[in-house]
1. Between HIS54 and LEU79, take the C-beta separation as r, use R0 = 22 Å, and let me know the FRET efficiency to the nearest 0.05.
2. Tell me, what HN-Hα J-couplings in whole Hz come from the Karplus equation 6.51 cos²θ - 1.76 cosθ + 1.60 at θ = phi - 60° for each residue of the range 7-12, using x for Gly and Pro?
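Just so it is clear, none of the values below were taken in a lab; they were calculated from the coordinates. Small disclaimer: the values here were computed from a predicted structure and weren't measured. Note: ideal-geometry Cβ built from the backbone for every residue, glycine included; neighbour counts use all protein chains shown.
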Amino acid sequence: MVSNITPSERLSAFLQYLPTTRDEELVSPPGLGSVWRAGDIRNGLKRQILVVHHSGQGIAFAAFPSGHRAKDCRCVTCLWEYSASDPHSQPLSRERMMQLTAKLRRFRFAQTAEAGFE
Ligand SMILES: [Zn+2]
């Protein structure tokens, strides 16, 4: 994949910070608009389930693989999303979640409307 994306300052800082985190550490990647385990984000980026959005503003979902289905899907993207968003694998108090999400600037990219990931 040829890339001439220039990450924003905030995204650059995040991408530099990410490799220094522990798997269970909670991070809020620019663009994903929520709290995730660092290990899942690293894994998603490595497998190109997540990509740097072409705007350079944040991380976004790559296009779904061709095997993706609307229901009961087990493609790599959906399997990753199930495991990454499993609320039982990382207990997190509601108060802590509120604190973390309150700090986030919310913006979310459409998952498939954006071109440029092929
Ligand atoms: Zn799928």
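1. Efficiency, rounded to the nearest 0.05: 0.30.
2. Listing the rounded values in order: x, 5, 4, 5, 5, 4 Hz.
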